[in-house]
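Novice: Before we start, here is the structure in question, set down as structure tokens.
The values are calculated or read from the model by the stated rules, or taken from the named source; none is laboratory data. Nothing here was measured: the structure is a model prediction, and the numbers come from that model. Note: ideal-geometry Cβ built from the backbone for every residue, glycine included; neighbour counts use all protein chains shown.
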Amino acid sequence: MKTSTIYAEKAVSSSEARKHFKDCLSGEPVVVLSNNEPAGYMMSAAYFEGLMKVLESKNADSVSSFRPMSARLEAISHLNAQALTELDASVLGEFKERQK
């Protein structure tokens, strides 16, 4: 028999979560069960934001997966800066502006 750790005090079935969606988003996290196994967790925005602040205070790198746009933009800007510093005059000499 498979056992799962549940990290919420309240559990609802997936069909109950669909019927009472808004109720699942108020307050503490709620585990959503499918076939008596945890399928996911639901929580209010305020609770999630508090959780992210705690994670950031412990380890700033731990939240990068929750902020893909920010992390992606930072990676793109780093790669562009690196590419620009590696350019030399021979490459830049080939650059021409478009004429309108």
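Novice: Restricting region 7-36 to residues that are of a type in the set (Asp, Glu) and loosely packed, with under 12 Cβ neighbours inside 10 Å, which is nearest to Ala75 (Cα to Cα)?
Specialist: We begin by selecting, within region 7-36, every residue of a type in the set (Asp, Glu); these are 9, 16, 23, 28.
With the extra rule that they be loosely packed, with under 12 Cβ neighbours inside 10 Å, the set shrinks to 9, 28.
On the way: Glu9: 38, Glu28: 34 Å.
So the residue we want is Glu28.
Novice: Within region 1-56, can you find the residues that are part of a helix (DSSP H, G or I), in contact with a Ser or Thr (Cβ under 7 Å, 6 or more places away or on another chain) and at pLDDT below 90?
Specialist: Passing the criteria: only Leu55.
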